[in-house]
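Engineer: The structure is given below, and queries will be raised subsequently.
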Amino acid sequence: MRHLTSLKELSKSEILELLDLADNFIDSEGFIRRDPLFPDKKVVNIFCEPSTRTKISFEIAASNLGCQIIDFDLSSSSLEKGETLKDTIDNLAKMNINLCVLRHKDSVIHELIDQTDSMVFISGGEGSISHPSQGLLDIMTVRHKKDLDNSNILIVGDLDHSRVFQSFIDGMANFDSKITLCGPKELCKDVIDSSNLDYEEDLNKALKGQDVVMALRIQHERFEDKKNLDKESYLSNYQINNEKLQIANDDCIVMHPGPVNQGIEISEDVYNSANSVILDQVANGVAMRMAILIKYLSQ
Ligand code: CP
């Protein structure tokens, strides 16, 4: 049984198949098509960290496919009484739940996969490590506007804490676009040390010739130590605003996985501009999660 915890697990042809399948669910007017393929399948979303987009889009995707969706509310579950996640999963497996979307701050998904042989696991976000469904919907969004093999893509912001960034570069490793990284060294030092992608500290230089700019949220909740991060300095050096965006190519698209710290990573006018595909990412997320559920429920 296969599970989805990282885009490193997927071949290029599997990624392309998922992109094509997801596109098939979007009609000519941009609405998502329903297809009740799995009336006998039960899907549970267990989100041990907050979520709006991922949790709700997996729920809609499962509903569009005719699945039974099990509402797992963490705060009213027996996890609150001290039951372990391992025991929780054992109990849900006995209730014949077929697939679990799991978000957790730690890498617990791998142990749960090892202990359970009747349930498929899809990561809905694993600490700072991986967010594969987000990576796929981001690649889908780029492909709607740009050539995956021939684009200049800039990723800006809090790289060290971003699972979205990790999954995006894992998936994009299958294509020939040029990816450049940018952000304050304080938020990028681990990635600079571990990645062979180009890093440019100066956003004004980094933006030249870019076709895609992806801004990432500053994830204060994942800071292990207090960073000496000055808001005004971040705004003047790293915020994607109209003035900065003029440096990139005219038709450069602006992405952000959300949630956005409004007025920090991106200015309001850029967020609302014709260059912004941020809400397209959200809409594409439903179709992509339908494609993911089809692939992993069809085993
Ligand atoms: N992009 C993303 O994962 O958003 P949520 O945290 O709202 O799911």
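The values are calculated or read from the model by the stated rules, or taken from the named source; none is laboratory data. Values in this document were obtained by computation on a predicted structure and should not be read as measured data. Positions of Cβ are generated from backbone atoms using ideal geometry, with glycine treated the same way; all protein chains shown enter the neighbour counts. Just so you know, the surface numbers come from the protein's heavy atoms only, side chains and all, with ligands and any DNA or RNA stripped out. Shrake-Rupley method; radii C 1.70, N 1.55, O 1.52, S 1.80 Å.
Engineer: Starting from 0.36 nm per residue, how many nanometres of slack lie between E200 and T84 once their C-alpha separation is accounted for?
Structural biologist: Between E200 and T84, full extension yields an extra 37.4 nm.
Engineer: Moving on. Compute the accessible area per residue over region 227-299, keeping the other protein chains in place, probe 1.4 Å, unit Å².
Structural biologist: On the way: 3180 Å² over 73 residues.
Per residue, region 227-299 has 44 Å² of solvent-accessible surface.
Engineer: Could you order peptides 65-74, 180-189, 211-220 by the average number of other Cβ atoms within 10 Å of their residues, highest first?
Structural biologist: 211-220, 180-189, 65-74
Engineer: With a cut-off of 8 Å between alpha carbons and a minimum separation of six or more residues, what is the relative contact order of region 132-281 in percent? Walk me through the numbers on the way to the answer.
Structural biologist: On the way: 258 pairs, mean separation 38.2, N = 150.
This gives 25 percent for region 132-281.
Engineer: Okay, moving on. Along Cα→Cβ, 7 Å out, is where each label goes; now give me the distance between the ones at D190 and E14 in nm to one decimal.
Structural biologist: Simple spin-label model gives 2.5 nm for this pair.
Engineer: Shifting gears a bit: Choose one answer from L92, L207, L79: the residue with the largest mean-square fluctuation in a GNM of the chain with alpha-carbon springs under 10 Å.
Structural biologist: Comparing L92, L207, L79 in a Gaussian network model of the chain, the most mobile one is L79.
Engineer: Identify, among P50, T88, S63, the residue whose Cα sits farthest towards the positive end of the charge dipole of region 1-105, taking +1 on the Cβ of Lys and Arg and -1 on the Cβ of Asp and Glu, with the dipole about the Cα centre.
Structural biologist: Of the listed residues, the answer is T88.
Engineer: Sticking with this structure for a sec: Could I have the simple spin-label model distance between D106 and K94, label points 7 Å from Cα toward Cβ, reported in nm to one decimal?
Structural biologist: 2.4
Engineer: Got the relative contact order for region 117-173 handy, in percent, Cα pairs under 8 Å and 6 or more residues apart?
Structural biologist: That works out to 47 percent.
Engineer: Springs between alpha-carbon pairs under 10 angstrom, Gaussian network model over the chain: which of V254, V156, V108 fluctuates most?
Structural biologist: Maximum among the listed residues: V108.
Engineer: R0 = 22 Å: FRET efficiency of N242 with K208, Cβ-based, nearest 0.05? Numbers along the way, then the final one.
Structural biologist: Numbers: r = 16 Å, r/R0 = 0.74.
FRET efficiency, N242 to K208: 0.85.
Engineer: For the chain, state the semi-axes of the equivalent ellipsoid (square roots of 5 times the eigenvalues of the alpha-carbon gyration tensor), sorted largest first and rounded to whole angstrom.
Structural biologist: Whole-Å semi-axes of the equivalent ellipsoid: 33, 22, 17.
Engineer: Carbon and sulfur together cover what percent of the accessible area of the chain at a 1.4 Å probe radius?
Structural biologist: 46
Engineer: Let me ask something additional. Cα atoms only, region 149-248: Rg and Dmax in Å?
Structural biologist: Cα radius of gyration and Dmax of region 149-248 are 13.1, 39 Å respectively.
Engineer: Further, regarding this structure: Among K231, K145, K12, which one moves the most in a GNM of the chain with springs linking Cα atoms closer than 10 Å?
Structural biologist: The residue that fluctuates most here is K231.
Engineer: Now, a different point. R222 versus E268, label points 7 Å from Cα toward the beta carbon: distance in nm?
Structural biologist: 2.8
Engineer: Here's a follow-up. Place a +1 charge on the Cβ of each Lys and Arg in the chain and a -1 charge on the Cβ of each Asp and Glu, then give the dipole magnitude about the Cα centre in debye, rounded to the nearest 20. Working shown, then result.
Structural biologist: Details: 31 positive and 49 negative charges, 95 e Å.
For this selection, approximately 460 debye.
Engineer: I would also like to ask the following. Over the chain, what is the mean sequence separation of C-alpha contacts under 8 Å (at least six apart), divided by residue count, expressed as relative contact order in percent?
Structural biologist: 21
Engineer: If you average the C-alpha positions of region 26-86 and of region 89-129 separately, how far apart do those two centres end up, in angstrom?
Structural biologist: 13
Engineer: Another question about this same structure. Charges on Cβ only, +1 for Lys and Arg, -1 for Asp and Glu, centred on the Cα centroid of region 195-266; of L207, I218, V254, which one is farthest towards the dipole's positive end?
Structural biologist: I218
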